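What follows is one structure encoded as structure tokens, with my remarks underneath.
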Ligand code: ADP
Ligand code: LRH
């Protein structure tokens, strides 16, 4: 039996997960969990990066105390696009901004007046999202931020946390690809684009492929946490890339939905799909393992619910997942629908009020109770998934038999069922810890305990239970879908 450790940090929470591989069976144990709560200061929104690093050290201590004294390696994956800047001494400059920080408001639109959208897509293959690294850097430049003038190195969040552990500055491809500053064919930074934007070219280190060795934890950290000589692997450090690796698909062509704060829906392809249609559909081509591309679309996901929860918690309403599920079931179906990707949902102060505003402005019934609001969100998400899946099918000329759903959101039974209904196809839910499992699998691939991706996915099928949701009520859902498309000319 061989043990490895994954640190998997999503936008809402983080965890340390030990993976034990015995033959073709992988078992996982959570050794530490912690919330990831952004901090608002003077009109800005930051990640609490030092607290997150502290939690990683706590995770190492907790793992050792749970008896895992021998670890073959560790790896870190996190959300994408955000970064830290290091000065000439290798010290972190400032606190990394959260991708929902308002500093990028209007930046993408302004850049697209200077650079044709088609050209930027041709060069990078990345979906136009207002918070991509490219727009964050332009915002810093426009604000004459001393951070940028002082910076010598840019590290994306998983790279930064790995650097804190090892002292080594190494860029990793899957997460670098999300910046919208890379060429997806050469798997490195697009230096022409960087020069054109007058960004300092020396900030960007050549990205390494997932599975690359990245040193060992620093001696002082080893002493603090009680491990020595612990090797660190640059896994597929973008959490979504890790999630895709863990999809338990048997067939070569499959559709997945990585369901957490975001809903990432797409397929794995051998080469980037960059054409007029992909541009019009605003699809992304992020870097995957073994030179593959992740052709997918970012759909605003459970963020909508997380933000309602935050408001309701302060009002003492709805506290558990069970209460949520029962409130949804009691609410009237298809009263009001929203387009989850409307920009007004990126960072509202009060999500329930924002949804009510949206419904009122689109002349629909305004949902009042938490149950009505949740039902409106879940139905709208399921319908949006159908729209995006059909877009991906048009682009790839493929027909998918069903949808693999991984991530925390795959535990939401109503969401899984409604998605199956909307798609008129089965949904296969699980594993729920997809991102952490993908992280562990890359470590076992790097050590040679797993042969290749087919072997990796067969291990996932062999080790974790998958729940199947068959479609029901398809006629009502078909009508709702037609209404959804008319409402948003989606
Ligand atoms: P991220 O990586 O973006 O932080 P996760 O994959 O950890 O997201 O998923 C977290 C989300 O999954 C939660 O916000 C919640 O909405 C949903 N979730 C987790 N467990 C359950 C559950 N038992 N029932 C319903 N939803 C759940
Ligand atoms: C999901 C995710 C997604 C990115 C977003 C910023 O956690 O990494 O793939 O687009 O966060």
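Each value in this text was obtained by applying a stated rule to the coordinates, not by laboratory testing. Note that the structure is a prediction, hence the values are computed from the model and not measured. Positions of Cβ are backbone-derived with ideal geometry, glycine not excepted, and every protein chain shown enters the neighbour counts.
Results, tabulated for the structure shown:
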item	result
Which of 404, 40 has the fewest Cβ neighbours within 10 Å, and the rest in rising order	40, 404
Exposure proxy ranking, count of Cβ atoms within 10 Å, fewest first, for 405, 453, 344, 351	344, 453, 351, 405
Bridge type composition, the chain - antiparallel percent by DSSP, nearest 5	75
Estimated [θ] at 222 nm from DSSP helical runs (n ≥ 4, -39500 (n - 2.57)) normalised by residues in the chain, nearest 500	-12000 deg cm²/dmol
Part-to-part distance (alpha-carbon centres) for region 285-330 and region 186-239, which is given in Å	29
37 °C / 0.692 mPa s Stokes-Einstein diffusion coefficient of region 19-94, Kirkwood radius on C-alpha pairs, µm²/s	213
Relative contact order of the chain, pairs being alpha-carbon contacts under 8 Å that are 6 or more residues apart, as %	15
All-pairs alpha carbon distance profile, region 173-300, 10 Å steps from 0, percent	12, 35, 31, 17, 5, 0
Residues in region 18-56 reached by a label modelled at residue 452 [backbone nitrogen below 14 Å; 7 Å Cα→Cβ]	none
Values of log10 I(q)/I(0), in the order q = 0.08 Å⁻¹, for the chain under a Debye, Cα-only, solvent-free model	-0.46
467, 159, 237, 307 arranged by Cβ crowding within 10 Å, fewest neighbours leading	467, 307, 159, 237
Label-to-label distance, nm, for residues given as residue 65 and residue 141 (7 Å Cα→Cβ offset)	4.7
Distance cut-off 27 Å, percentage of C-alpha pairs in region 2-239 lying past it	35
Distance from region 94-161 to region 245-279 (C-alpha centre basis), Å	24
